[in-house]
1. How many of the residues making up the range A:102-125 are within 18 Å of A:Y59 (Cα to Cα) and in contact with a Ser or Thr (Cβ under 7 Å, 6 or more places away or on another chain)?
2. Which residues, counting only those in the range B:1-40, are within 8 Å of chain A (Cβ to nearest Cβ) and either touching a strand residue (DSSP E or B) at 6+ places or on another chain (Cβ under 7 Å) or not in a helix (DSSP H, G or I) (or both)?
3. Being surrounded by fewer than 16 Cβ atoms within 10 Å (Cβ to Cβ) and within 13 Å of chain B (Cβ to nearest Cβ) is the filter; apply it to the range A:76-107 and report the residue that is modelled with the lowest pLDDT.
4. Does B:E169 count as closer than 23 Å to A:L98 by Cβ and surrounded by 13 or more Cβ atoms within 10 Å (Cβ to Cβ)?
5. Considering the range B:130-163 alone, what residues qualify as being closer than 20 Å to B:A177 by Cα, surrounded by 13 or more Cβ atoms within 10 Å (Cβ to Cβ) and away from every other protein chain (no Cβ under 14 Å)?
6. Going by what's in this entry, would B:T46 be described as buried (at least 18 other Cβ atoms within 10 Å of the Cβ), within 19 Å of the chain's Cα centre (by Cα), touching a residue at least 12 places away in the same chain (Cβ under 8 Å) and in a helix (DSSP H, G or I)?
7. Looking at A:L118, A:L97, A:L113, which one is touching a residue at least 40 places away in the same chain (Cβ under 8 Å), within 25 Å of B:Q43 (Cα to Cα) and not β-branched (V, I, T)?
8. If I filter the range B:78-87 for residues that are in contact with a strand residue (DSSP E or B) (Cβ under 9 Å, 6 or more places away or on another chain), among the aliphatic types (A, V, I, L, M), surrounded by 15 or more Cβ atoms within 10 Å (Cβ to Cβ) and over 25 Å from A:A45 (Cα atoms), do I get at least one hit?
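The values are calculated or read from the model by the stated rules, or taken from the named source; none is laboratory data. Bear in mind the structure is a predicted one, so any value in this text is a computation, not a measurement. Positions of Cβ are backbone-derived with ideal geometry, glycine not excepted, and every protein chain shown enters the neighbour counts.
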Amino acid sequence: MAWEEQVEEEARTTAQRINQLFASENRRGVILIPLWTLAMTATFAQALFQRASMTLFDYGLAVAICFVAGAIVIDLGRALLSYIATMALTTFLLITLLSYPATTTNLPSPGNLLFSTLWIIVVFTTIFPIPLIACLVATVIGAMAGEKYF
Amino acid sequence: MLPTKISKRNLLTIGFAAFTLAMLIVAAFGAVNYNRFYPAITQIQTRILTLQTIPLNNIIEVKVAFAVKNPTDYQGLSLSHFGSTYSVVYIMSPTNNITALGGNLAYPSMTGSLNPGTTFNIAVTTFNITANPTQMTGQQPMMIVFFFQPSFILSTFLDKVTEVIPSYECTSSGTPALCDQTELGLITGAGGLGGTGRGGG
C-alpha cells in the first residue's frame, strides 16, 4: 500500500513539474523552437549524410514534424513566427554541420572551399522552395487542428 | 488528494521531444560516418604494384599494374573509370636526361568496391617505349624513370551532386612505389560548380 502511494506521489510530482514547465505559451515556445529545430535538422541531416538528397519518406517526416509542432503551438501567428525561426536555424545548422568537416580536413585547396559551396547549394535546393512551402502549410494545418482538438 | 493530470497537449510535446531525441540518435550515426569521409578521400592510396620492362630489339615493352587501397574506416566508396597517363625520362648520364612524352594508358571500363582496408587491383596494362632515345649516337640510357599520373572516379554518397576525382603522381624505375595525391577534382552537373583542388597529398 505504501509502495502504491509512493508511486502515485511520484507520478503526481512529475505531472506537476511537466505542467509547470509548459505553464505559459512563452515557456512552451522557448522549449518547442529548439526541439523543432533539432528535429528538422536531424531529419534533413540523416538524409544528406547518407545520400546528399532527400527521399519522399524524409520529406514526409519533415512535413509531419511541422504538423505536430503546429498542433502544439495552436496559435496561428505564433506558429508562423516559430516556423520562420525554426527554418532559419535549421538551414544555418545544416550548412554548418555539413561544411565544417570539409573545412577542418586538410583537403587540397580549393577543394575545401568547393565542398562548402557545394553543401550550401545542396541545402538550399533541398529546402527551397517546395519543401519550405509544404512544411509551412503543414504548420498552418497543424495549428488549426491543434486549436480544434486541444 | 486528486492526482494531477498531464494535458493532451503537454503529452504531445513530450512525445515530440522523445521523437526529436530518436531522430538525433539516427542522425548521429550518419554524422560519425560522414566525419570520416573527407579524411578518407584524401587518404585513398594508389600505388604501382609491379613495373616490368622487357627489352625487345629496339623497343622496350613495359607492363605496369596499379592498386588502389582504402586505408580508412569510411564505408561507402567505390572506384570506376581508372585511367593514367605516362611519360618517360631516360637518364643518359648524371648531367644528361632525355624526356619522352608518353601518352594515355588504355584501361577497360571497371568498377570496384573500396571497403575499409581492402585493396582493388587494377588490371596490368602494357605499352612500348623506344630502347634507344638517341638514334644518332646509339648511346644506351643508364636508367629509365617512368612518371605516371593515374586518376579515377571515386563513387561516393555525393554521386547525385558531384563526382570526386582524385589524381596522383607516381615515379618508378622498376620498383613498386606509392603515388602522391596531387589533385582532388569535383565535377558537378549542369549549372553546378566544378573545379579541381591542387595541393599536397
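1. Selection size over the range A:102-125: 1.
2. Of everything in the range B:1-40, those that are within 8 Å of chain A (Cβ to nearest Cβ) and either touching a strand residue (DSSP E or B) at 6+ places or on another chain (Cβ under 7 Å) or not in a helix (DSSP H, G or I) (or both) turn out to be B:M1, B:P3, B:T4, B:K5, B:I6, B:S7.
3. Selected residue: A:N106.
4. Working: closer than 23 Å to A:L98 by Cβ: no; surrounded by 13 or more Cβ atoms within 10 Å (Cβ to Cβ): yes.
For B:E169, the condition - closer than 23 Å to A:L98 by Cβ and surrounded by 13 or more Cβ atoms within 10 Å (Cβ to Cβ) - is not met.
5. Listed by number, the residues that qualify are B:I144, B:V145, B:F146, B:F147, B:F148, B:Q149, B:P150, B:F152.
6. Working: buried (at least 18 other Cβ atoms within 10 Å of the Cβ): yes; within 19 Å of the chain's Cα centre (by Cα): yes; touching a residue at least 12 places away in the same chain (Cβ under 8 Å): yes; in a helix (DSSP H, G or I): no.
Here the answer is no, as B:T46 does not meet what is asked.
7. None of the other options fit; the residue is A:L97.
8. Let us first name the residues in the range B:78-87 that are in contact with a strand residue (DSSP E or B) (Cβ under 9 Å, 6 or more places away or on another chain), namely B:78-87.
Of the ones still in play, those that are also among the aliphatic types (A, V, I, L, M) are B:79.
Going one step further and asking which of them are surrounded by 15 or more Cβ atoms within 10 Å (Cβ to Cβ), we end up with B:79.
Next cut, over 25 Å from A:A45 (Cα atoms) only: B:79.
Checked against the condition, which is being in contact with a strand residue (DSSP E or B) (Cβ under 9 Å, 6 or more places away or on another chain), among the aliphatic types (A, V, I, L, M), surrounded by 15 or more Cβ atoms within 10 Å (Cβ to Cβ) and over 25 Å from A:A45 (Cα atoms), the range B:78-87 yields at least one hit.
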